[in-house]
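The structure under discussion appears below in the form of structure tokens.
Derivation of every value follows stated rules applied to the coordinates shown; laboratory data play no part. None of the values given here were measured: they were computed from a predicted structure. Neighbour counts are summed over all protein chains in view; Cβ atoms, including those assigned to glycine, are modelled from backbone coordinates with ideal geometry.
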Amino acid sequence: DAKTTQPTSMDCAEGRAANLPCNHSTISGNEYVYWYRQIHSQGPQYIIHGLKNNETNEMASLIITEDRKSSTLILPHATLRDTAVYYCIVSFTGTASKLTFGTGTRLQVTL
Amino acid sequence: NAGVTQTPKFRVLKTGQSMTLLCAQDMNHEYMYWYRQDPGMGLRLIHYSVGEGTTAKGEVPDGYNVSRLKKQNFLLGLESAAPSQTSVYFCASSGGSLGDTEAFFGQGTRLTVV
């Protein structure tokens with residue numbers, strides 16, 4: 001699986017958009033980009049994933065560059081409840097695929 | 001719908017003791033995983049299973065064994081606990097290849113080995 005690089009921490013004001021970057025320059029053509037988050041010490045929670053096209057759901061938007069070497073997770077209106085560690089993961093399709101977590105980005109949303 | 005349930009939630013073991021952590025999912029998922037998370041670190045894969053009766057090693061399998069006798073259950077065993085196995089353990093399940101499905105995680109088991 002391709003490795004990812006994320007900033008260690010970021011701050012965001014409540015109500016503003018949070019833009020979390022991720023570099024995955026060695027991503028392969030059939031690897032998806034996944035985002036998960038972990039609030040405090042809870043189990044990780046799925047946010048969104050994509051292959052090539054930009055994706056949006058009720059939680060966030062995922063913007064993947066045309067060359068697929070980087071992506072950005074966007075939380076359009078961050079709230080205090082969005083304070084968490086955000087993990088960017090790339091994963092193959094296939095029967096033996098599995099998630100490989102790095103250390104993620106610690107997002108602190110402030111008043 | 002319970003999702004992924006881990007038992008127990010907390011446990012303190014003495015060095016050398018054994019125990020089994022149970023993970024149960026009610027979503028009929030094929031894939032199940034055991035991770036550990038040490039303070040300030042990301043999750044590391046211990047073992048995983050791609051279906052009933054199958055298991056495979058992950059990144060940090062030493063000192064652990066697993067079994068998947070029933071599709072809905074994935075057991076993680078520590079035969080002789082060591083202080084280095086003090087950690088938070090998370091179980092996860094997914095419907096299939098993680099290339100096109102999301103994983104669901106349990107709430108974790110906090111294990112302390114003294």
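Non-local lysine pairs in the protein assembly as shown, meaning eight or more places apart or on different chains, with alpha-carbon distances under 28 Å, amount to 17. Mind giving me the FRET efficiency for B:T15 and A:M59? R0 is 41 Å, r the Cβ-Cβ distance, nearest 0.05 is fine. My answer for the efficiency is 0.45.
Please identify the longest segment of chain A free of exposed GluC sites (Glu not before Pro), where exposed means a DSSP state other than H, G, I, E or B and no more than 10 other Cβ atoms within 10 Å. Working shown, then result.
Working: sites that count: A:E58, A:E66.
With GluC sites (Glu not before Pro) excluded where exposed in loops, chain A gives A:1-57 as its longest stretch.
Based on C-alpha pairs under 8 angstrom that are at least 6 apart in sequence, chain A has a relative contact order of 37 percent. Would you please name the chymotrypsin sites (Phe, Trp or Tyr not before Pro) within the range A:31-97 that are DSSP coil residues with at most 10 other C-beta atoms within 10 Å of their C-beta? The qualifying sites: there are none. For chain A, the Cys residues with no second cysteine's beta carbon closer than 4.7 Å are A:C12. Of the three principal axes defined by the Cα atoms of chain A, the extents in descending order read 42, 29, 24 Å. Stokes-Einstein diffusion for chain B at 37 °C, viscosity 0.692 mPa s, with a Kirkwood radius from C-alpha pairs, works out to 235 µm²/s.
Counting, for every residue in A:37-44, the Cβ atoms of other protein chains within 10 Å of its Cβ and taking the mean gives 5.
The protein assembly as shown: D in µm²/s via Stokes-Einstein (Kirkwood Rh, Cα pairs, 4 °C, 1.567 mPa s)? Can you show the working numbers first?
Values: Rh = 18.0 Å.
Taking Rh from Cα pairs, D becomes 72 µm²/s.
If you rank A:I74, A:I48 by fewest surrounding Cβ atoms within 10 Å, what's the result? If you can, show how the numbers build up before the last one.
Working: A:I74 16, A:I48 19.
By the 10 Å Cβ count, ascending: A:I74, A:I48.
Of the residues B:P83, B:P61, B:P39, the one that moves most in a GNM of chain B with alpha-carbon contacts below 10 Å is B:P39.
Sorted from fewest to most neighbouring beta carbons within 10 Å, what does the list A:I89, B:I46, A:I27 look like? Write down the numbers at each step before the final one.
Working: A:I89 27, B:I46 24, A:I27 21.
Placing the least packed residue first, the sequence is A:I27, B:I46, A:I89.
From least to most packed, judged by other beta carbons within 10 angstrom and beginning with the fewest, B:F74, B:F105 follow the order B:F105, B:F74. The Cβ shell under 10 Å around A:Q45 holds other residues with a net charge of 0, Lys and Arg each +1, Asp and Glu each -1.
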